[in-house]
1. Would segment 127-149 turn up any residue that is over 24 Å from Gly190 (Cβ atoms), within 24 Å of the chain's Cα centre (by Cα) and among the β-branched types (Val, Ile, Thr)?
2. Mind checking which residues of segment 198-212 are surrounded by 12 or more Cβ atoms within 10 Å (Cβ to Cβ) and either at pLDDT below 90 or in a helix (DSSP H, G or I) (or both)?
3. Please work out which residue is nearest to Lys231 (Cα to Cα), limiting yourself to segment 294-323 and to residues that are of a type in the set (S, T, N, Q) and modelled with pLDDT of 90 or more.
4. Do we have Ile53 as under 22 Å from the mean Cα position of the chain (by Cα) and farther than 20 Å from Thr185 by Cα here?
5. Scan segment 91-124 for residues that are among the hydrophobic types (A, V, I, L, M, F, W, C) and closer than 18 Å to Tyr34 by Cβ and jot them down.
6. Counting only residues that are buried (at least 20 other Cβ atoms within 10 Å of the Cβ), give me the helices (runs of 4 or more DSSP H) lying completely in segment 219-313 with at least 2 of them.
7. Quick one: which helices (runs of 4 or more DSSP H) lie wholly within segment 1-118 and hold at least 1 residues that are buried (at least 19 other Cβ atoms within 10 Å of the Cβ)?
Amino acid sequence: MQVQDLSKPVVASKADWLMGTTWLGFTPSNGSGYSRQQCQSTIQRQFSGGYVIEYITEAFSEPNPGYETDPVYLAEREQHQGIKGCFLSIHKLRFTSRPLEEIIGNEDYERLQDMWAKEGKRHRWSVAFPIIESYRIEGRPKAKDVLGNTAYQRLFGHPSATLRPLEQQDQIAIANLQITQVPATNSWIGIEDEFPSAERSEVSSLTERLLDRDLQNSQAQEGMTKERWAKVRRRAAWIADRFIQNRIKTNSVHCDVCRFSPNEITDGTGIRPRSLLDVHHKHPLAEGVRYTTVEDFTLLCPTCHRAEHALLKIGRSLLSEQH
């Protein structure tokens, strides 16, 4: 898989000492609620509608006095030596930030401030956006080699407390980088955030029945309570309904395998074209574990849907054969 295969563009870069695995943090101008809101708003605007590519800085800062020989600090400093100057990962962030102490716990947050907060301003990286989808960039390419010196200096030749928006030429430069999806342990935050919206929305009973069939053998439900699994299933059906509505709006109601279009036989009959197609979850085992989106669904005619389920039992897929 390459960067250009992502469902959304990479729109900005984050410069960090080490790779973020569960969150990316930003430091507001002060510790007030207003300042945090302003910081969140700025970052939201910068990554809205896309992914963030993570760059590892050449420099590694010194901690506060007393932590120069801290084992964690020394281990991270050593780790930094092997990845500095590189593009390491690409992330999708949850649109709404969380207080960092809520993500990592109060004890770890206080220790982080003890080590890194300057002049008693204990809000370092306090506006944190959970990582809900993540990709490793293979080969750890040097950012300067990928972008060229001019673009590299424009993006990373100065300090910044926010993201660094990519220009079109930067997006072209990173388009062919090889990436591999890795687990995002905070994907549950994005999933749970959407439970209330799914509960409040009207969802087609047909969609729910079809999704139940796709999800009935999902291993994800084994570690959940019945109540949580019901919310996960409801969210999946809610997203599937959004997927269908998008297809209707774009006049693309057809089978994604055989290309059968119900419009050819329903015109003038009063039959809804959508009623002749099934919504199918392409990755049912990921539901409730990975942050699934409308890209995880497809439309199939009943015949192709039956064939897909039959083939999945033997480890094959009609959908994969289309690519």
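1. Yes, there is a match, as at least one residue in segment 127-149 is over 24 Å from Gly190 (Cβ atoms), within 24 Å of the chain's Cα centre (by Cα) and among the β-branched types (Val, Ile, Thr).
2. Answer for segment 198-212, where residues must be surrounded by 12 or more Cβ atoms within 10 Å (Cβ to Cβ) and either at pLDDT below 90 or in a helix (DSSP H, G or I) (or both): Ala198, Glu199, Val203, Ser204, Leu206, Thr207, Glu208, Leu210, Leu211, Asp212.
3. Thr298
4. Taking the combined requirement at face value, the residue does not satisfy it.
5. Leu100
6. 226-249, 302-312
7. Fully inside segment 1-118 and qualifying: 33-47, 100-104, 106-116.
The values are calculated or read from the model by the stated rules, or taken from the named source; none is laboratory data. This one's a predicted model, so the numbers in the text were calculated from it and none came from an experiment. For neighbour counting, all protein chains shown are included, and Cβ atoms are generated from backbone atoms with ideal geometry for every residue, glycine included.
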